[in-house]
Amino acid sequence: MMVIDVSDFVSSISDSLISWRRHLHKFPELGWTEYETTYLIAKELDKLGYTLFLGKDALVSQERMGVPTPDVLRNAENKALQNGVPIEWMSKMESGHTGVVATLDTGRPGKHIALRFDIDALPILENKDSSKDHFPTSNEFSSQCPNVMHACGHDGHAAIGLGVATFLATYQGKLSGTFTLLFQPAEEGSRGAKAMVAKGWLDDVDVFLSGHIGISSMQIGDVVASAHGFLATSKLDVSFNGKSAHAGVEPQEGRNALLAAASASLHLHAIPRHSGGETRINVGKLQAGSGRNVIPDHAVMSLETRGETSILNQYMEDEATKIIQHSAAIYGVECDIRIVGKGVEATSEQGWKGFLEDATKSSKLVKMVKETLPLKASEDAAYMLNHVRDRGGKATYFIFGTPLAAGHHHPLFDYDEKVLEVALDVYISSILSLS
C-alpha cells in the first residue's frame, strides 16, 4: 500500500465537503427529478477529468420504478432550466433520467473498485422554527424547496462521493486498476439501484463499497465495518375509485372511496406478524374527498411492506393486497394497486472489521471500528451488494457514526458535519489498502 497521509488530504478538502453538502441540502430534489443535483455533481466530476455517463447511458430506462408523472417531471425540468442547468445537459436527463456514473482507468493493472452514493431527498417539510436549534436553519442552508428535505443524509453521501472523486483524480498517477463511481438517483422508495445494475456497471467489479451516515446515534469516529439486517420491501400506490353523490339528497347512490381506503388502512396495520422473522407495514399517505356534503368518489393511498427476507416481505405484500381488494369490495368501489418500488434483502461481507482497522490504523479521524450493526431498514444498495457478491466479488456497507439531532426522515434531522471527513477517510483508506 502506498504511503499517503489520508487524514491530511481529507482535512485539505474539508471546506469543499461542507460547501457541497450545504448546497445540496439547500436545494433538495426528489427521486427521478434530481436534475440540478446531477448537474452539480457531473460538473465537478467533469472538471476532474472523469469519463461521464448520464441519462440512458447511466441506467436502463425500463428498469426504473416509481417514475413521477410527466407533469411532475416537466415542472422539475423547467425549474432546473430556470436555475441554470444548461439545455444540453437537460436533454440527456429529460423524462427522469437522473444520476451519473463516472469512470477512471489508471492504465495500470489492478482491481476494479466501485462505490455508490445516493443523491435524492424526501417529501418532508423541513422544520425552520429557530427555537428548535436546527443547525441548517441557524446556519442558513435549510431547504429552499417546499415540502422537500434531505432528511436521511444523502446530501452528505453525495458530498463524500465528490471527495472520493477528488482524491482519485489527484492521485491517479500513483493508483492502479479502475474505479466506477455511481451517483444513484431515487434510492428512497427502492426505485433506482436496479436500473443502474441492469446497465452492467457492476458485472466485473472486484470490490463494491457503499455506506450511510447515522442510522443509530453514535460518536464521531465510530465506524461499522459491515452492516446487516437489510429488509426486503415493496412500495405500493393504491387508487380507490367509487361514485360521487349528494350526501343529503341521495347518499344511497354514492360509492364511498374514502371509507374503503380508511377501512383498508386500519386493517392493513392489523396483519399478523410472521414467526419466520421481522415484518413491517406502514400506510404513509392517504388522501380523499372534496367536500363535507359530497360522497368521495376517489382516494389514493401510499404504503409499504418490509420483511427480513423477500419471502417474508412477499407474505406482507400478499396480505396487504387481499385487504385492499376486500375493503374496496365492501364499499362497492374499484381499486388499482401499483408496485412503484421493490427492494431485496442483502448481507455485507463478513470479517471486514480487521481489514478496516488495519486500513485506518494511521487515521486521525477513525476512533473505533465496530464489526456490524443491524440496519433494520431497506436500502436500495442491496441490489448492488448482491450483484457483486453473486459474481464472486466482495461488497460491504459501512455505517458512519454521528450524533443525530433527530431520527432519519424527521423534519429536524441533522448530523455532525465532521462525519463527512470520517467517511471520506474510510473510503480512501479502504481503496489504498485494496490497491
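Report yes if some residue within segment 299-310 is under 30 Å from Val249 (Cα atoms) and crowded, with 21+ Cβ neighbours inside 10 Å; otherwise report no.
Restricting attention to segment 299-310, the residues satisfying the condition of being under 30 Å from Val249 (Cα atoms) are 299-301.
Narrowing the set further to residues that are crowded, with 21+ Cβ neighbours inside 10 Å leaves 299, 301.
Yes.
Looking only at residues in segment 165-185 that are touching a Phe, Trp or Tyr at 6+ places or on another chain (Cβ under 8 Å) and open to solvent by 10 Å² or more (accessible area, probe 1.4 Å), which one is nearest to Thr233 (Cα to Cα)? Working first, answer last.
Here is the first cut: in segment 165-185, the ones touching a Phe, Trp or Tyr at 6+ places or on another chain (Cβ under 8 Å) are 165, 167-170, 180-185.
Okay, now just the ones that are also open to solvent by 10 Å² or more (accessible area, probe 1.4 Å), so 169-170.
Details: Ala169: 37, Thr170: 39 Å.
So the residue we want is Ala169.
Please pick out the residue among Ile281, Ile271 that is touching a strand residue (DSSP E or B) at 6+ places or on another chain (Cβ under 7 Å), part of a loop (DSSP other than H, G, I, E, B) and open to solvent by less than 40 Å² (accessible area, probe 1.4 Å). Before the answer, list the steps.
Values: Ile281 fails: part of a loop (DSSP other than H, G, I, E, B).
One residue alone meets the criteria, Ile271.
Scanning for something of a type in the set (S, T, N, Q), farther than 30 Å from Leu115 by Cα and touching a residue at least 40 places away in the same chain (Cβ under 8 Å), does segment 216-229 turn up at least one residue? Spell out the reasoning first.
Here is the first cut: in segment 216-229, the residues of a type in the set (S, T, N, Q) are 216-217, 219, 226.
Imposing the further condition that a residue be farther than 30 Å from Leu115 by Cα reduces the set to none.
No, because not a single residue in segment 216-229 is of a type in the set (S, T, N, Q), farther than 30 Å from Leu115 by Cα and touching a residue at least 40 places away in the same chain (Cβ under 8 Å).
What is the number of the single condition among (1) without any contact (Cβ under 8 Å) to a residue 24 or more places away in the chain; (2) in a helix (DSSP H, G or I) that Ala80 does not meet?
Failing condition for Ala80: (1).
For residues that are open to solvent by 80 Å² or more (accessible area, probe 1.4 Å) and part of a loop (DSSP other than H, G, I, E, B), scanning just segment 349-379, find the one that is nearest to Gly307 (Cα to Cα).
Gln350
Here is a yes/no grid of residues against (1) on the phi > 0 side of the Ramachandran plot; (2) among the basic types (Lys, Arg):
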| position | (1), (2) |
| --- | --- |
| Gly66 | yes, no |
| Lys79 | no, yes |
| Asn83 | no, no |
| Met90 | no, no |
| Asp105 | no, no |
| Pro109 | no, no |
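Looking only at segment 1-30, count how many residues are hydroxyl-bearing (Ser, Thr, Tyr) and touching a Leu at 6+ places or on another chain (Cβ under 7 Å).
Number of matching residues: 1.
Given the condition open to solvent by 10 Å² or more (accessible area, probe 1.4 Å) and closer than 30 Å to Pro403 by Cα, answer yes or no: does some residue in segment 105-112 qualify?
No, segment 105-112 contains no residue that is open to solvent by 10 Å² or more (accessible area, probe 1.4 Å) and closer than 30 Å to Pro403 by Cα.
Per-residue answers, yes or no, for (1) among the basic types (Lys, Arg); (2) closer than 17 Å to Glu187 by Cβ:
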| site | (1), (2) |
| --- | --- |
| Ser7 | no, no |
| Asp15 | no, no |
| Trp20 | no, no |
| His23 | no, no |
| Lys26 | yes, no |
| Tyr35 | no, yes |
| Ile41 | no, yes |
| Asp46 | no, no |
| Leu52 | no, no |
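For segment 394-413, which residues satisfy the criterion of being in contact with a strand residue (DSSP E or B) (Cβ under 8 Å, 6 or more places away or on another chain), open to solvent by 10 Å² or more (accessible area, probe 1.4 Å), farther than 15 Å from Phe355 by Cα and not hydrophobic (A, V, I, L, M, F, W, C)? Lay out the reasoning, then the answer.
Residues of segment 394-413 that are in contact with a strand residue (DSSP E or B) (Cβ under 8 Å, 6 or more places away or on another chain), as a first pass: 394-405, 408-409, 411, 413.
Checking the rest, the ones that are also open to solvent by 10 Å² or more (accessible area, probe 1.4 Å) come to 394, 403-405, 408-409, 411.
Checking the rest, the ones that are also farther than 15 Å from Phe355 by Cα come to 403-405, 408-409, 411.
Scanning segment 394-413 gives Pro403, His408, His409, Pro411.
Can you say whether Ala159 is under 20 Å from Ala423 (Cα atoms), in contact with a Leu (Cβ under 6 Å, 6 or more places away or on another chain) and either at pLDDT below 95 or open to solvent by less than 10 Å² (accessible area, probe 1.4 Å) (or both), as far as the supplied structure shows?
On the way: under 20 Å from Ala423 (Cα atoms): yes; in contact with a Leu (Cβ under 6 Å, 6 or more places away or on another chain): yes; either at pLDDT below 95 or open to solvent by less than 10 Å² (accessible area, probe 1.4 Å) (or both): yes.
Yes: the conditions hold for Ala159.
When you go through (1) under 23 Å from Gly351 (Cβ atoms); (2) in contact with a Ser or Thr (Cβ under 6 Å, 6 or more places away or on another chain); (3) among the aromatic types (Phe, Trp, Tyr) one by one for Trp201, which number turns out not to apply?
Status for Trp201: all satisfied but (1).
Which pairs have Cβ atoms under 6 Å, sit 6 or more apart or on different chains, and link a residue in segment 94-109 that is under 14 Å from Leu73 (Cβ atoms) to one that is among the charged types (D, E, K, R) and surrounded by 24 or more Cβ atoms within 10 Å (Cβ to Cβ)?
Pairs found: Thr98/Glu34.
The values are calculated or read from the model by the stated rules, or taken from the named source; none is laboratory data. The structure presented is a predicted model; accordingly, all values stated were derived computationally and were not measured. No Cβ is skipped: glycine too gets one built from the backbone with ideal geometry, and neighbour counts run over all protein chains shown. Each accessible area value is taken on the protein alone, full model and side chains, heavy atoms only, with ligands, DNA and RNA left out. Shrake-Rupley method; radii C 1.70, N 1.55, O 1.52, S 1.80 Å.
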